[in-house]
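Remarks on the structure that follows.
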Amino acid sequence: MAQYSSANDDRESALQREYMAKAAQYVAGLERELGRRPCCCVVTFGCQMNARDSEKLLGILTEIGYESVEDEESADFIVYNTCTVRDNANQRVYGRLGYLHSLKAGKPHLRIALCGCMMQEENVIEKIRKSYRFVDLIFGTHNLFKFAELLVTMFENREMIVDIWQETDQIVEELPVRRKFPYKSGVNIMFGCNNFCSYCIVPYVRGRERSRAPEEILQEIERLVDDGVVEVMLLGQNVNSYGRNLETPMSFAQLLREVEQIDGLRRIRFMTSHPKDLSDELIDVMSRSDKICRHLHLPLQAGSDRILQAMNRRYTKAQYLALTEKLRTAMPDIALTTDLIVGFPGETAEDVDETIDVVRRVRFDNAFTFIYSKRTGTPAAAMANQVPAATVREGFDRLLKVVQDTARERAALLRGSTAEALVEEVNEQDAALLTGRLSNNMLVHFPGDRDLVGGFVNVSLDECHGFYYTGHMIRKAEAPLGKTVDGNG
Ligand code: SAH
Ligand code: SF4
Ligand code: F3S
């Protein structure tokens with residue numbers, strides 16, 4: 001594979017800018033035809049990485065003249081950015097494709113593009129070629145930076161364009177981005193995954209692990225802060241192995257130390273941490289920091305050593321427990337969340353008991369509980385001892401109950417305390433309320449003016465509703481009422 005070179009990437013960005021200018025002419029032509037500005041709709045499935053990729057797609061689409069809309073009905077161009085981590089994600093896409101077909105029947109100029117992780121699977125491409133011939137453009141996770149070029153190809157051709165790469169060594173980031181939130185942003189620090197957990201398809205669809213150079217990450221964050229961002233989420237499938245393959249290796253903890261220095265940045269989050277690579281250095285940096293949020297998502301997957309080994313997770317139940325204890329000792333107020341899988345091949349009711357035991361002992365603040373999904377091409381899919389659906393369901397329900405009970409208990413501990421919240425939006429159900437996020441990732445709803453969105457306020461956590469709070473703002477005693485709010489700005 002060619003040596004990574006950022007000069008190449010700069011040339012690539014310049015080239016893509018030329019394609020954007022060309023694509024803009026086609027969109028202008030469509031605008032004349034329609035007598036109004038053409039609209040686009042980007043629908044995102046899956047994780048934060050996909051959400052960030054969608055912001056890049058939307059950046060290019062708005063740059064070339066499309067107006068972004070939320071509903072597919074009023075769009076002239078629809079992009080589905082897909083996920084394939086579990087089969088239900090794929091089924092949702094197929095279900096909605098049927099609907100898109102009917103939309104296109106009534107609107108022949110409608111263009112449809114599919115991209116993201118699902119498109120990296122050969123069987124998916126075959127199926128779409130056969131059964132969904134109305135799709136105009138298909139590309140994958142490795143050539144997303146070629147989107148402008150692919151759009152031009154699409155505008156110049158009538159048949160379905162399919163362009164899927166197996167790998168790339170390019171990291172092209174200097175392209176327009178349209179952020180969903182003005183005050184917070186995801187930042188990719190690495191791509192791909194080398195862990196090959198035996199159930200997981202991500203390494204196959206996202207490729208090998210590649211870290212971005214620290215100076216590029218820092219520059220991107222500085223630019224974001226200049227543009228009003230106060231919170232960043234550093235993104236990678238396993239951020240704890242950041243920097244190992246850089247020309248000058250550096251640890252994730254070292255990167256965090258540098259990100260912390262950025263003036264104006266108020267909060268730092270990251271996702272996801274693999275337990276096997278979580279260092280003492282990271283715990284130390286976190287516990288000394290007042291910018292790094294008091295939340296760690298630390299996927300456990302299973303509590304049984306036998307299952308953990310078959311999953312290729314490379315830690316034991318005892319090691320996981322020791323790690324969480326170390327974290328809670330260093331930061332008593334840290335919220336710990338996790339991912340759990342039920343129904344991995346060979347898993348028995350006793351194995352599920354081991355997972356439940358860890359949940360009881362760690363008392364997670366929240367846990368995403370998934371039913372094992374067989375992914376073609378992964379080692380686990382070829383294992384003989386797949387668990388019958390009814391047994392899986394039984395284990396899942398048992399686990400879910402304990403997860404919910406412990407999360408509720410943890411949440412209730414904050415009742416009556418005051419915490420700083422970043423105001424994220426006006427409440428969807430009740431426009432008199434604002435929704436804020438605490439450092440520990442908990443949401444709180446409280447009365448307030450929409451002008452406060454994007455700022456920090458102190459909120460009293462009055463009533464716990466299981467997974468979120470309702471409360472009220474605490475104003476600084478000396479501040480003139482209705483003007484300065486404690487912690488704001
Ligand atoms: N890189 C992250 C997770 C990425 S996928 C990590 O290692 O933690 C997000 C979650 O989906 C995983 O933590 C796992 O719990 C779940 N998952 C992945 N593959 C799955 C499968 N085949 N069936 C069910 N859940 C799965
Ligand atoms: Fe999948 Fe494991 Fe990589 Fe996470 S660490 S993306 S679960 S292979
Ligand atoms: Fe899904 Fe791809 Fe993320 S498979 S979970 S969108 S990396």
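The values are calculated or read from the model by the stated rules, or taken from the named source; none is laboratory data. What you see is a predicted model; the values in this text were computed from it and never measured. Glycine gets a Cβ as well: all are built from the backbone with ideal geometry, and neighbour counts include every protein chain shown. All accessible areas refer to the heavy atoms of the entire protein, side chains included, with ligands and DNA or RNA removed. Shrake-Rupley method; radii C 1.70, N 1.55, O 1.52, S 1.80 Å.
Scanning segment 290-302 for residues that are touching a helix residue (DSSP H, G or I) at 6+ places or on another chain (Cβ under 7 Å) and more than 16 Å from ligand 2 (Cβ to nearest atom) yields LYS291, ILE292.
Looking at ASP357, ASP405, ASP351, just one residue is open to solvent by less than 70 Å² (accessible area, probe 1.4 Å), assigned to a helix (DSSP H, G or I) and free of Cβ contacts under 8 Å to residues at least 24 places away in the same chain, and that residue is ASP405.
Within 16 Å of ligand 2 (Cβ to nearest atom) and either over 26 Å from the mean Cα position of the chain (by Cα) or open to solvent by less than 30 Å² (accessible area, probe 1.4 Å) (or both) - does that describe any residue in segment 125-140? No: zero hits. Is it true that ARG32 is open to solvent by 60 Å² or more (accessible area, probe 1.4 Å), in contact with an Asp or Glu (Cβ under 8 Å, 6 or more places away or on another chain) and either more than 19 Å from LYS146 (Cβ to Cβ) or touching a residue at least 24 places away in the same chain (Cβ under 8 Å) (or both)? When the stated conditions are applied, ARG32 does not pass them. Of the helices (runs of 4 or more DSSP H) lying entirely inside segment 157-274, those carrying at least 1 residues that are hydrophobic (A, V, I, L, M, F, W, C), open to solvent by 10 Å² or more (accessible area, probe 1.4 Å) and away from ligand 1 (no atom under 16 Å from the Cβ) are 214-226. None of ARG267, ARG314 is farther than 26 Å from LYS401 by Cβ, basic (Lys, Arg) and within 14 Å of ligand 2 (Cβ to nearest atom) except ARG314. Report whether or not ARG244 is more than 16 Å from ligand 2 (Cβ to nearest atom) and out of contact with any Asp or Glu (no Cβ under 6 Å at 6 or more places or on another chain). For ARG244, the condition - more than 16 Å from ligand 2 (Cβ to nearest atom) and out of contact with any Asp or Glu (no Cβ under 6 Å at 6 or more places or on another chain) - is not met. Which is in contact (Cβ under 8 Å) with a residue 24 or more places away in the chain, more than 30 Å from ALA382 (Cα to Cα), basic (Lys, Arg) and not assigned by TED's automatic domain parsing to the domain that holds ASP53, of ARG212, ARG223, ARG288, ARG208? Exactly one residue qualifies, and that residue is ARG212.
Take the residues in segment 75-93 that are crowded, with 20+ Cβ neighbours inside 10 Å and hydrophobic (A, V, I, L, M, F, W, C); name whichever of them is nearest to ligand 1 (Cβ to nearest atom). Across segment 75-93, the extreme among qualifying residues is VAL85. In segment 164-176 there is at least one residue matching the filter, namely being closer than 25 Å to ARG92 by Cα and modelled with pLDDT of 95 or more. Suppose we keep only residues that are acidic (Asp, Glu) and farther than 30 Å from ALA302 by Cβ within segment 408-434. Which one would you say is most open to solvent (accessible area, probe 1.4 Å)? Checking each candidate, the answer is GLU428.
Here ALA148 fits the description: crowded, with 22+ Cβ neighbours inside 10 Å, farther than 22 Å from GLY46 by Cβ and in contact (Cβ under 8 Å) with a residue 40 or more places away in the chain.
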